[in-house]
Amino acid sequence: MSLLSIRDLTVSFRGPRGWTPVIDRVSFDVEAGSVVGLVGESGSGKTVTALSALGLTRTQGARVNGQVLFDGEDLTAMSEKELSTRRGRSIGMIFQQAIRTLDPAFTVGEQIAEAVRRHEGLSRSAAWARAVEMLDRVHIPRAAERAKEYPHTFSGGMCQRAMIAMALACSPRLVFADEPTTALDVTVQSRILALLREIQRETGVAIVFISHDLGVIAELAQRVVVMYAGQVVERATVEDLFLRPRHPYTAGLLGSIPAVGRGRRLVSIPGVVPPPGGMPVGCRFHPRCAHEQAGLCDATAPELELGDAARCLRTGELDLRGITLDPVGGVR
Ligand SMILES: Nc1ncnc2c1ncn2[C@@H]1O[C@H](COP(=O)(O)OP(=O)(O)OP(=O)(O)O)[C@@H](O)[C@H]1O
Ligand SMILES: [Mg+2]
């Protein structure tokens, strides 16, 4: 049994013209101790998937269907109270803008200590000691002193480290990390990725790592789930996905990975992700696809099997171009 099994997760929001599905029958698994990358362009539904898996879109008025099995228990069937004991304790969360997630009114140490006290019932002093230990663990210099400071005195990278410390303070088994490095500059970004990789190896925590950048995903994940227009379009191991993409959208994402010194012009996929409520008939990607076949792709909606698969009617006959992964997991 997988640590996390998402099955047919469908989320709709109420708009001016009634309920509109924003994500459609999303299914994937996360094995204990593994890192799964969730990738797709802006608006493809990555954040809604993560928030809904944690029960955080219900409070925004979303209609959620399908199952989210964590350790065999369906999170979608749980009360808010049951869910909130899972969140923070068994399942951690790291978001893009740490500075907005941290409370400006409390010191960084207090916030981590409070989370530990709430979930583990530790004494004030034991919780504080854990907070300092966690800040030290994410390589915040002079952790004991920095713990007493407020978030605004932390740089962007330090805030992100503090968020990681908070997410991991109760030793969760799974962490959702939603674009945790996107707002940071490139050097800080690679240090945070290195930190996440180190902590993942040390603690064995499973991570769902969300990014629009496959290059970043390759540095951390073993498996990849590709999303487009609210649907999963491909699932594969990192190696297979890079060498032999099976969906034209994945091939397009690979072609647009920015790589310093690769000597190749950046090619991005023409067009944009269609909005929810404005989905094309047939394959949702066909209007942007270089391999679209008239009469087929604009008429029939492809399905996706469980396991490693691609949501493409022509996948068997296409020879899509992949790229080579270098031994440390970066891209060439
Ligand atoms: N609360 C909401 N109400 C209505 N629509 C929403 C809501 N949240 C998200 N959406 C819509 O759902 C779609 C998917 O959004 P989502 O934020 O999951 O994309 P994403 O893949 O995380 O993109 P990004 O890379 O920009 O973070 C978008 O069209 C978005 O406008
Ligand atoms: Mg997002």
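From the square roots a ≥ b ≥ c of the eigenvalues of the alpha-carbon gyration tensor of the range 17-162, which class results: rounded (a/c under 1.5), prolate (a/b over b/c), or oblate? Mind dumping the intermediate values first?
Numbers: a/c = 2.11, a/b = 1.74, b/c = 1.21.
Verdict is prolate for the range 17-162.
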inquiry  = Can you tally the net charge around residue 312? Count Lys and Arg as +1, Asp and Glu as -1, for every other residue whose Cβ sits under 9 Å from the Cβ of residue 312.
reply    = +2
ask   = Taking the Cα-to-Cβ direction at residue 190 and at residue 301 and moving 7 Å from each Cα, how far apart do the two end points lie in nm?
value = 4.3
remark   = Taking every other residue with Cβ under 11 Å from the Cβ of residue 95 and scoring Lys and Arg +1, Asp and Glu -1, one gets -1
key: Cα Rg over Rh - the range 60-117, Kirkwood   = 1.04
key: Solvent-accessible area per residue for the range 103-170 (1.4 angstrom probe, square angstrom)   = 46
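Excluding residue 151 itself, calculate the net charge of residues whose Cβ lies under 10 Å from the Cβ of residue 151, where each Lys or Arg counts +1 and each Asp or Glu counts -1.
On the way: positive: 100; negative: 103, 149.
Around residue 151, the charge tally is -1.
For the chain, calculate the relative contact order in percent as a whole number, restricting contacts to Cα pairs under 8 Å that are 6 or more residues apart.
Working: 655 pairs, mean separation 66.1, N = 332.
Computed over the chain, the figure is 20 percent.
Summarise the accessible area of the chain (1.4 Å probe, protein heavy atoms) by the percent that is carbon and sulfur. Walk me through the numbers before you get to the answer.
Numbers: 7850 of 15210 Å².
Here carbon and sulfur together make up 52 percent of the probe-accessible area.
When the dipole is taken about the Cα centre of the chain, and only Lys, Arg (+1) and Asp, Glu (-1) are charged at their Cβ, what size is it in debye, to the nearest 20?
Taking the Cα centre of the chain as origin, the dipole is about 540 debye.
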remark   = Cα pairs beyond 34 Å in the chain, in percent, come to 26
message = Bins of 10 Å, beginning at zero and ending with the bin holding the largest distance: percent of Cα pairs per bin for the range 103-170, please.
response = 26, 60, 14, 0
ask   = What FRET efficiency comes out for the pair residue 148/residue 80, r = Cβ-Cβ distance, R0 = 30 Å, nearest 0.05?
value = 0.35
task = Would you mind calculating the relative contact order of the range 103-170 from Cα pairs under 8 angstrom and at least 6 residues apart, reporting the percent as a whole number?
result = 44
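The values are calculated or read from the model by the stated rules, or taken from the named source; none is laboratory data. Only a predicted model underlies this, so the values are computations on that prediction, with no experimental measurement involved. Every residue, glycine among them, receives a Cβ derived from its backbone with ideal geometry; neighbour counts consider all protein chains shown. Side chains included, ligands, DNA and RNA excluded: accessible areas come from the protein's heavy atoms. Shrake-Rupley method; radii C 1.70, N 1.55, O 1.52, S 1.80 Å.
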